[in-house]
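See structure below.
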Amino acid sequence: MGYGKGYGKTILFGEHFVVYGLPAIASALSSSTTAEVQVVDGKGWEVIDQRPATPGYKEKKYDEAMQSIKNVIKHMNIDVGCQKLEITFSGDLFAASGVGASAAQATSLVRAINESFTLMLDDEKINEAAYEGEKAYHGTPSGIDNTASTYGGLIWFVKNLNGGKNTMEILDSGKRMPLVIANTGITASTVEVVGDVRKLKEANPVIFEKFFNEYYNLAINAKVALLEGDPINIGKLMNQNHKLLQEITVSGEINDKLVEIALDNGALGAKMTGTGRGGLVIALAENDEVQKNITNAIEMKGYDAWKTMIG
Ligand code: MEV
């Protein structure tokens, strides 16, 4: 039997912009998806999905998840014509849009196959195989989700648009900061939202160049603020990033509502995270008490919220 684990992630800065080669910053979560692979008689593969999830999430993502598993098995050269893989996904990562659930699933599977077949792949190869899985969710993934899922920690990531090696730097913030993750309960389609942004960019090249320049400066400042452990500035930059995400039309009504509740209850900054138009919102808190207040306020309005730490 082989066992593997893939971390969930939250994008602190730069979702969507990262697809176009701009830098983004993600933090892995301590929650993860696990995979167990058992090789049995027969052929093909079978999946038991025991992950906790937002209602409707697994159904909506079913076809993409199956294609992702197929991509991984193919990329790893596993012959399923004369043996069968029994794959069980589980773990404490709550599968929802925005938490890197698809990447965590692919990474955990790659690690489990690696162990099961004693392939001895290093993290770079694990990440490459998980990226093949991510392609099932949309044709042009930046690779940030599988990278965060594979390596963990706080990462600075730049996609290489020429197809070469991406830039990945582990950031040592030196300060742990309380974060709230709030769930809109809406499962977004990454392929649709990324596709819409591409169309909008093609129709409005000049305005997008302005957004990209503005975002680039924001990302550089965010890296400095994170390295210096400066929550006040990180919060301000998160608010600015959320505004830019609204401009490129990827935030949704409930995302904006949750951002507002968080700010009204003392958050230093808040933004949507991940694909958007649903999915998750993150809010930075100054201390545990404010984190608790934000979480309670969001729950009072009928939405799920979790407490975590970044840095
Ligand atoms: C999805 O978690 C993040 C996006 O930027 C897509 C990607 O980076 O591949 C929306």
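The table that follows gives values for the structure above.
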| read-out | value |
| --- | --- |
| Potential extension, LYS125-ARG198 segment - 0.36 nm per residue separation minus Cα distance | 23.4 nm |
| Lys pairs under 24 Å by Cα in the stretch 202-311, provided they are eight or more residues apart or on distinct chains | 25 |
| Computed log₁₀ I(q)/I(0) - Debye formula, equal Cα scatterers, no solvent, the chain, q 0.11, 0.12 Å⁻¹ | -0.63, -0.75 |
| Simple spin-label estimate for LYS307 and THR118 in nanometres, 7 Å along Cα-Cβ | 4.6 |
| 19 Å Cα cut-off, lysine pairs counted over the stretch 2-171 (separation 8 or more, or different chains) | 27 |
| Amide H partners (placed H, <5 Å) of ARG277, local residues excluded | SER251, GLY252 |
| Distance in nm between pseudo-label sites at GLU286 and ASP63 (7 Å out along the Cβ direction from Cα) | 4.9 |
| Relative contact order of the chain, pairs being alpha-carbon contacts under 8 Å that are 6 or more residues apart, as % | 23 |
| Net lengthening on full extension, ASP79/ILE220 (0.36 nm per residue, minus Cα-Cα) | 46.2 nm |
| Which of THR308, THR295 has the fewest Cβ neighbours within 10 Å, and the rest in rising order | THR308, THR295 |
| Student exercise, the chain dipole from Lys, Arg, Asp, Glu Cβ charges, in Debye to nearest 20 | 300 |
| Taking PHE17, PHE94, PHE117 and counting other C-beta atoms within 10 Å, the order from fewest to most | PHE117, PHE94, PHE17 |
| Dipole in debye (nearest 20) - the stretch 47-86, about Cα centre, beta carbon charges: Lys, Arg +1; Asp, Glu -1 | 80 |
| In the stretch 219-311, the GluC sites (Glu not before Pro) that fall in loop regions by DSSP, at most 16 other Cβ within 10 Å | GLU228, GLU286 |
| Pairwise FRET efficiency - LYS243 versus ASN160, Cβ, R0 = 22 Å, nearest 0.05 | 0.20 |
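Every number in this text was worked out from the coordinates using simple rules, so none of it is lab data. Bear in mind that the values here come from a model prediction, so they are computed numbers and not experimental data. Don't worry about glycine lacking a Cβ; one is built from the backbone with ideal geometry, like all the others, and counts go over all protein chains shown.
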